[in-house]
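Below is one structure; the comments refer to it alone.
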Amino acid sequence: MPITAFVVRVPSAESVVAELRNRFDPTVQVGVPAHISVLVPFMDPDGVTPTVLTAAQDALSNVASFEFTLRRVGRFPATAYLAPEPPDPFVAMTASLVRRFPEFPPYGGEHAGVIPHLTVAHGNAENATAAAGELEEKVRSSGPIEARCTSVVLLENSTGQWKEMHVFELPTTPWSPE
């Protein structure tokens, strides 16, 4: 089924997570870069019109570009991830998009809240446990990953491979109605 997703790419994490993601995250094989999801799933790519893009840009304009750090390894039952600090700007972007597009709740409404994360391993608990241990060692030896979020990317998957569809630049200062 063709879908889209809003994500924040984190290229500064690739050197630390690429090998683990190649082993433990099947989305690598379909073109998904190291990222933090903002809103997934979103609409079918055919429904993304200029009006939708403008509405999404307006929603995202409520959050200014920001710096964040990845240093803490977290777990869901079948997932190992890096948690961004601070998480609040990611949550704010998700909330803003959901206010504008309420028919697309995060993760299809499967979870009660939003926990921003950069997935490193996904699929089963055994692999997630192994990856979490290796990831903790990598972060300990390389130090925290510093990153800056200046944009949100709309990825689309209409062919079985994820590709960039549109980039939304974040303002350097938050939008304020005056």
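The values are calculated or read from the model by the stated rules, or taken from the named source; none is laboratory data. Everything numeric here is computed off the predicted structure, so don't read it as measured data. Please note: Cβ atoms are built from the backbone with ideal geometry, for glycine as well, and neighbour counts cover all protein chains shown.
Scanning the range 14-34 for residues that are in a helix (DSSP H, G or I), in contact with a helix residue (DSSP H, G or I) (Cβ under 9 Å, 6 or more places away or on another chain) and aliphatic (A, V, I, L, M) yields Val16, Val17, Ala18, Leu20, Val28.
Against the test of being modelled with pLDDT under 95, surrounded by 13 or more Cβ atoms within 10 Å (Cβ to Cβ) and out of contact with any Lys or Arg (no Cβ under 6 Å at 6 or more places or on another chain), the options Pro116, Pro177, Pro105 yield a single qualifying residue, Pro105. Every test in (1) within 19 Å of the chain's Cα centre (by Cα); (2) within 19 Å of Phe42 (Cβ to Cβ) is passed by Thr150 save one, and that test is (2). Taking the listed residues Arg140, Arg75, the one that is modelled with pLDDT of 95 or more and surrounded by 14 or more Cβ atoms within 10 Å (Cβ to Cβ) is Arg75, with no other qualifying.
Whenever a residue of the range 147-159 is over 17 Å from Gly31 (Cα atoms), its partners that are among the acidic types (Asp, Glu), lying with C-beta atoms within less than 9 angstrom and at least six residues away or across chains, give the pairs Ala147/Glu67; Arg148/Glu67; Cys149/Glu67; Thr150/Glu169; Ser151/Glu169. Residues in the range 147-163 that are touching a Lys or Arg at 6+ places or on another chain (Cβ under 9 Å) and either on the phi > 0 side of the Ramachandran plot or surrounded by fewer than 17 Cβ atoms within 10 Å (Cβ to Cβ) (or both): Ser151 alone.
Suppose we filter Leu70, Leu82, Leu39 for residues that are over 18 Å from Glu134 (Cβ atoms) and of a type outside the set (S, T, N, Q); which single one remains?
Sole residue among the options that is over 18 Å from Glu134 (Cβ atoms) and of a type outside the set (S, T, N, Q): Leu39.
When Asn62 is tested against (1) polar (S, T, N, Q); (2) under 18 Å from Leu118 (Cα atoms); (3) modelled with pLDDT under 95, just one condition goes unmet, and that condition is (2).
Sub-8 Å Cβ pairs linking a first residue in the range 37-55 that is over 30 Å from Ala83 (Cβ atoms) and of a type outside the set (Phe, Trp, Tyr) to a second residue that is exposed (fewer than 10 other Cβ atoms within 10 Å of the Cβ) and modelled with pLDDT of 95 or more, at least 6 apart or interchain, number zero. Scan the range 35-72 for residues that are crowded, with 21+ Cβ neighbours inside 10 Å and either among the polar types (S, T, N, Q) or in a helix (DSSP H, G or I) (or both) and the total you get is 4.
Could you please give the count of residues in the range 14-34 that are within 16 Å of Pro116 (Cα to Cα) and crowded, with 23+ Cβ neighbours inside 10 Å?
1
With respect to the conditions (1) surrounded by fewer than 20 Cβ atoms within 10 Å (Cβ to Cβ); (2) outside any helix (DSSP H, G or I), Val7 falls short on a single one, namely (1). Can you tell me which residue within the range 88-131, out of those that are touching a residue at least 24 places away in the same chain (Cβ under 8 Å) and in a loop (DSSP other than H, G, I, E, B), is farthest from Ala55 (Cα to Cα)? The qualifying residue farthest from Ala55 (Cα to Cα) is Asn124.
If you take the residues of the range 138-167 that are in a strand (DSSP E or B) and of a type in the set (Lys, Arg), which of them is nearest to Ser12 (Cα to Cα)?
Arg148
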